[in-house]
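A.B. asks: Structure in structure tokens, see below.
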Amino acid sequence: MKNNFTFDFFAKGIIYPFYTNVHNKTTSEDYINNAKGDCMSLNDVTIVRNVPPYFDARLKTSFNCLKIYHRDGFLANLKGYPDLDAYMKVQLKPKSRSRMRGQLRRLETCFPIQYKMYFGEISHANYDFLFKKLHEMIERRFSQRGDTHQSIQHWDYLRKNVFNMILERKASLFVIYDSNKPIDICLNYHHQNIFRNYIRSYDIDYSKFRLGYLDIWKQLEWCFQNNHSIFDLSYGELAYKRTWCNIVYKFEHHIIYTKSHLYQKIKATIITKLLRLKWFLESKKVPCSYRLLRFKFKTTSTAKINEELDFLTEDISAIDLNTFVLTKIDIHNHKYAFLRKAIYDFQYTNFERSKMVNIYELKDHHNTYIILGQTKIQRLVYNVSTP
């Protein structure tokens, strides 16, 4: 039997029956197991995966466990820093801080940006809207990558339960808006002083703006303002985690058995050795037939999904637009959604405000469009044949 501690504890509020409590090492607070009944023995050895190191999951006296450590996790320990600026001065080099501020300034210049944390209050209609948008972002982003987000398997559970958790201040949704349009959404869990960033995604049309870095900046800012000293980004080796986090930790995995059962003790020992061997081989990148088959299947089945839109771009700032017959279009119309990324890339490069950018379709020129900004003019030709 396998159990994912982090998901069951944060998302479901579950403490397994063989634990008496979960002790928060960073605050010395206990979360008591109030489940009715007692689990005096296990029918079999139980594997509990992904216990973060800031928790001490304390066993009842009739059980024992073997601990093994595997998989890197990433967190920002904010304790001892008066504010985000102080943390950034230690965590980021001056050039990185300057570049990050430039990214934020560029985003806020190009679009009418708003930031909103839904924590303790949200309407059901807005919640449903944001959850739908988050799902769409995840599907589109991971289709682009040719992968599937692991949270999708729990999606129905999350959608049904997170709303009440937000009202109870056990969860939150952080949203970056372009005007009234969500372009970045994060689902977080809260426990005592711990802020666990669980699911995050963004509108890939805005990928130039590095929203994944900026949403962490804004959420860390919120943590300082709301007495959250642990910002946990969990596992997964990604560049933005190295940038923002000051602690890399190992998850604990508990192999739990009933003390009085000799068979379970022997089995737990064997399982522990096999898991260590498996993870050692994985660390040495030893191939196995299942992993190779899975890779080949994914490569074959996602080839078409990963095709990029093909645009030819040309700076025509020196050309008189009166020589063209132009029809103004609205990129918020779904018909022109395929143009958005190219237009947002144009805004990013040229520091152009969205309200000052106009888009035109050229009459008698198939799939040809003009982006008219305050300082630059660009021609887009879509679906160009390439040699």
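A.B. asks: Assuming 0.36 nm per residue, please report the length gained on full extension of the stretch residue 85 to residue 265 beyond their Cα-Cα distance.
C.D. replies: Working: separation 180, 0.36 × 180 = 64.80 nm, distance 5.05 nm.
Gain in length upon complete extension: 59.7 nm.
A.B. asks: Quick one: pull the percent of accessible area on the range 16-126 belonging to carbon and sulfur, 1.4 Å probe, ligands and nucleic acids left out.
C.D. replies: On the way: 2840 of 5960 Å².
Roughly 48 percent, rounded to a whole number.
A.B. asks: In whole percent, what relative contact order does the chain give with Cα contacts below 8 Å and a gap of six or more residues? Walk me through the numbers on the way to the answer.
C.D. replies: On the way: 594 pairs, mean separation 82.5, N = 387.
In percent, rounded to a whole number, it is 21.
A.B. asks: Leaving out ligands and nucleic acids, note down the accessible area per residue over the chain with a 1.4 angstrom probe, in whole Å². Please list the in-between numbers first.
C.D. replies: Values: 21030 Å² over 387 residues.
Accessible area per residue, the chain: 54 Å².
A.B. asks: I've got another one for you. Under 22 Å from the Cα of residue 60, which lysines turn up, not counting those fewer than eight places away in the same chain?
C.D. replies: Residue 60 reaches 2, 12, 25, 36, 259, 265, 267.
A.B. asks: OK, next. Between residue 95 and residue 213, how many nm apart are label points set 7 Å from Cα along the C-beta direction?
C.D. replies: According to this spin-label approximation, the distance is 1.2 nm.
A.B. asks: Further question on the same structure: Run the reach check for residue 355 against aspartates and glutamates, Cα to Cα strictly under 18 Å, same-chain hits fewer than 8 apart removed. What comes back?
C.D. replies: The reachable aspartates and glutamates, counting only those whose Cα sits under 18 Å from residue 355, are 108, 178, 205, 330, 345.
A.B. asks: Right, here's the next one. Describe numerically, in nm with one decimal, the distance between label points set 7 Å from Cα along Cα→Cβ at residue 355 and at residue 153.
C.D. replies: 4.7 nm
A.B. asks: Using r as the Cβ-Cβ distance of residue 277 and residue 330, and R0 as 56 Å, what FRET efficiency do you calculate, to the nearest 0.05? Let's see the in-between values first.
C.D. replies: Values: r = 60 Å, r/R0 = 1.06.
With R0 = 56 Å, the Cβ-Cβ based efficiency is 0.40.
A.B. asks: Follow-up question, since we're still on this one. Go through 133/181; 93/208; 250/278; 208/341 and tell me which ones have a Cα-Cα distance over 19 Å in this structure. Display every interim value, and only then the final one.
C.D. replies: On the way: 133/181 10 Å; 93/208 22 Å; 250/278 16 Å; 208/341 9 Å.
With Cα atoms farther than 19 Å apart: 93/208.
A.B. asks: Here's something else I'd like to know. If r is the Cβ-Cβ distance from residue 337 to residue 192 and R0 is 51 Å, what FRET efficiency results, to the nearest 0.05? Intermediate values should be presented prior to the final figure.
C.D. replies: Working: r = 43 Å, r/R0 = 0.83.
So, using R0 = 51 Å, E works out to roughly 0.75.
A.B. asks: Please give the FRET efficiency for residue 226 paired with residue 246, using the beta carbon to beta carbon distance and R0 = 25 Å, rounded to the nearest 0.05. Can you show the working numbers first?
C.D. replies: Numbers: r = 19 Å, r/R0 = 0.77.
Efficiency, from the Cβ-Cβ distance: 0.80.
A.B. asks: May I pose another question? How big is the accessible area of residue 70 in square angstrom, nearest 10, if you roll a 1.4 angstrom probe over the protein chains?
C.D. replies: 50 Å²
A.B. asks: Would you mind finding the longest exposed-site-free stretch of the chain, with exposed GluC sites (Glu not before Pro) meaning DSSP loop and at most 12 other Cβ atoms within 10 Å?
C.D. replies: 1-120
A.B. asks: For the chain, build the charge dipole from Cβ charges (+1 Lys, Arg; -1 Asp, Glu) around the Cα centre, then report which of 193, 81, 256 sits farthest towards its positive end.
C.D. replies: 256
A.B. asks: For a bin width of 10 Å, list the pair-distance distribution of the chain built from all Cα-Cα distances, rounded to whole %.
C.D. replies: Each 10 Å bin holds this share of Cα pairs: 4, 18, 25, 24, 16, 8, 4, 1, 0.
A.B. asks: So, counting K/R as plus one and D/E as minus one, what does the shell of residues with Cβ under 15 Å around residue 157 add up to?
C.D. replies: On the way: positive: 12, 159, 160, 170; negative: 8, 156.
Around residue 157, the charge tally is +2.
A.B. asks: With all protein chains present, calculate the accessible area of residue 28 using a 1.4 Å probe and round the result to the nearest 10 Å².
C.D. replies: About 80 Å², ignoring ligands and nucleic acids.
A.B. asks: Right, another one. What value, in deg cm²/dmol to 500, does the helix sum -39500 (n - 2.57) over DSSP H runs of n ≥ 4 give at 222 nm once divided by the residues of the chain?
C.D. replies: On the way: 9 runs with 127 residues, N = 387.
Helix contribution divided over all residues of the chain: -10500 deg cm²/dmol.
The values are calculated or read from the model by the stated rules, or taken from the named source; none is laboratory data. This structure is a prediction, so every number in the text was calculated from the model and none was measured. Neighbour counts run over all protein chains shown; Cβ positions are idealised from the backbone, glycine included. Surface accessibility is based on the protein's heavy atoms, side chains included, excluding ligands, DNA and RNA. Shrake-Rupley method; radii C 1.70, N 1.55, O 1.52, S 1.80 Å.
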